[in-house]
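Student: Below are the structure tokens for one structure; questions will follow.
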Amino acid sequence: MLYAVFCYNSEDVTGTWTKEQDGKVMRDMAAVEKKYAEAGKLGPVARLLPTTAATTLRHGGGEPIVIDGPFAETKEQLLGFFILDCASLEEAIAFSRELGEVNPSPGAYEIRPLAIYKPSELPS
């Protein structure tokens with residue numbers, strides 16, 4: 001089963017890290033990632049740019065509107081994600097716990113099963 005692990009944190013916290021602090025967090029997280037990558041379980045990983053770089057397309061009830069920013073009603077922001085191929089939800093939770101142990105700031109890891117949708121592979 002594929003799982004997406006979404007990393008949420010406060011940009012007010014992570015945005016104040018020095019280059020050295022940020023580098024240490026990224027190195028520590030890379031050590032967790034390496035174990036899963038070597039086991040063939042880690043797929044794409046992405047670190048998102050700050051929400052100030054986001055654009056949102058809001059739709060429903062008329063012409064879609066494109067606006068600057070994420071405009072999500074959350075206290076934390078989606079900072080990035082991991083794709084894991086795990087035998088169980090418990091394994092995805094263990095990966096997320098390991099990330100939380102090396103990430104010094106409070107936040108959340110949302111774990112969601114993925115259904116792969118590939119229109120080019122649908123039967124005609």
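Where a number appears in this text, it was derived from the coordinates with a stated rule and is not lab data. As the structure is a computational prediction, the values presented were derived from the model and not from experiment. Cβ atoms come from the backbone with ideal geometry, glycine included; neighbour counts cover every protein chain shown.
Student: Rg and Dmax of the chain, Cα atoms, in Å?
Tutor: Computed over the Cα atoms of the chain, radius of gyration and Dmax are 16.7, 53 Å.
Student: Could you work out how far apart the two model spin labels at K75 and L89 are, taking each label as a point 7 Å from the Cα in the direction of the beta carbon, and quote it in nm?
Tutor: 2.5
Student: Run down the aspartates and glutamates and flag those whose C-alpha is under 18 Å from the C-alpha of K75, throwing out any fewer than 8 positions away in its chain.
Tutor: Reachable aspartates and glutamates: E11, D12, E110.
Student: For a quick check, take a GNM of the chain with Cα springs below 10 Å and name the residue from I93, I83, I67 with the largest mean-square fluctuation.
Tutor: Residue with maximal mean-square fluctuation among I93, I83, I67: I67.
Student: Oh, and also: Would you mind telling me which residue in E110, E101, E76 has the biggest mean-square fluctuation in a Gaussian network model of the chain, where springs connect alpha carbons within a distance under 10 angstrom?
Tutor: E101
Student: Work out, step by step, the length gained on full extension between A46 and R112: first 0.36 nm times the residue separation, then minus their alpha carbon distance; give nm to one decimal. Intermediate results must be reported in sequence, preceding the final value.
Tutor: On the way: separation 66, 0.36 × 66 = 23.76 nm, distance 1.59 nm.
Using 0.36 nm per residue and subtracting the Cα-Cα distance, I get 22.2 nm.
Student: So what J values fall out for the range 4-10 if you push phi through Karplus, 6.51 cos²θ - 1.76 cosθ + 1.60 with θ = phi - 60°, rounded to Hz, Gly and Pro as x?
Tutor: With coefficients 6.51, -1.76 and 1.60, one gets 9, 10, 8, 9, 10, 7, 8 Hz.
Student: Over the range 1-40, what number does the Rg to Rh ratio reach, with both radii from the alpha-carbon atoms and Rh per Kirkwood? Spell out each step's value before the answer.
Tutor: Values: Rg = 12.9 Å, Rh = 12.0 Å.
When Rh is taken as the Kirkwood radius, the ratio is 1.07.
Student: Order these peptides, 23-29, 5-11, by their mean beta-carbon neighbour count within 10 angstrom, highest first. Present the calculation step by step, with values, prior to reporting the outcome.
Tutor: Numbers: 23-29: 14.1, 5-11: 18.0.
Descending packing order for the listed peptides: 5-11, 23-29.
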